[in-house]
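Below you'll find the structure, written out as structure tokens, and then a few comments.
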Amino acid sequence: MKTSRTALLFSLALAAVTSIAQAQIYLHSQIVTGSYGSGVTTRFNFAIDVPNNKLTVTVDNTVALVNGSGTKGTLISFGFNTPFTGLTTGNVDTSVKWTTTNAGRAASYKTTDVINGNSADRWEEHAPYVITHATQFNQEFGVSTKDTPSPDAAGLDNVEYGIQYGEIAVFEFAFTTKDITAANYKNFFGDNFVSAYWRDVTQVTASGYWTGSGRNRRWVDTTSECIVNGGWDKGQGDFFPPSDGDLPATPEPSTYGLMGAAALLGLVAHRRRKAAKAAKTV
């Protein structure tokens, strides 16, 4: 029983100290919805690692369709703003790995692909990131499926490497020559701070008919065209720091410090009582 109590106090102290080192990882989650008529949605989970200058974005394209209705598509492109000025693709080391894939997807998608500039086979970096299809969206950095040379970062002609409905992919952006700090990390957030672009958007409800072929195939309602502009959609999201209540903020280091101090004091007191008891029995 004594050993268990000592082990418990030690583990609490260790956990608190470990948590202090991890305390500057900020989380946020946001669903981005297409704004051109389809209603397609994808969830983006941001994890900002201040000490290691890393941003991890989990692209979750498994958002449940309400009552089985809605639309689904393949995400082929997204971009976001950063705290940095003059950012280039050379300042960022990007990697991507699928954690959830559809049946039939090649096993190679489970491996980590490194994306530097446009040298990778499947995805490429853009700084700045611009979608000129329809109205123009602008972000400071982004990635898209690999495409033939084009001034548009949307990867309009390639859906094969996109994140299909039912899939989850994790992108890690390591800022090699730029520093994320506790003061500037909030500049990842703001009005219209993330853009998303989908292709192969398909309607899954109502009666209607298919029209077009290939990547331009789309569902048309009997009363109106549900999926406008040839089976694509794009949208922007307003990202704000965790204080908006979407996800709880990581506790401040001072909080973990108090936890650690309390646990350590408890461990010291326990050992003193144990030593005093041993002295009395001598």
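The values are calculated or read from the model by the stated rules, or taken from the named source; none is laboratory data. Everything numeric in this text was worked out from a predicted model, so none of it was measured. As a convention, Cβ positions derive from the backbone with ideal geometry for all residues, glycine included, and neighbour counts pool all protein chains shown. Side chains included, ligands, DNA and RNA excluded: accessible areas come from the protein's heavy atoms. Shrake-Rupley method; radii C 1.70, N 1.55, O 1.52, S 1.80 Å.
Side notes on the structure shown:
- Qualifying residues in segment 79-120 (those that are outside any loop (DSSP other than H, G, I, E, B) and among the polar types (S, T, N, Q)) - the one farthest from V63 (Cα to Cα): N91
- The C-beta contact set for segment 128-143 (first residue farther than 18 Å from F189 by Cα, second residue open to solvent by 60 Å² or more (accessible area, probe 1.4 Å) and hydrophobic (A, V, I, L, M, F, W, C), distance under 8 angstrom, 6+ apart or interchain) is empty.
- When residues of segment 91-124 are limited to those that are of a type in the set (D, E, K, R) and without any contact (Cβ under 8 Å) to a residue 60 or more places away in the chain, the one surrounded by the most Cβ atoms within 10 Å (Cβ to Cβ): E124
- Residues that are in a loop (DSSP other than H, G, I, E, B) and more than 19 Å from V59 (Cβ to Cβ) were ranked within segment 121-148; the one that is nearest to the chain's Cα centre (by Cα) is P128.
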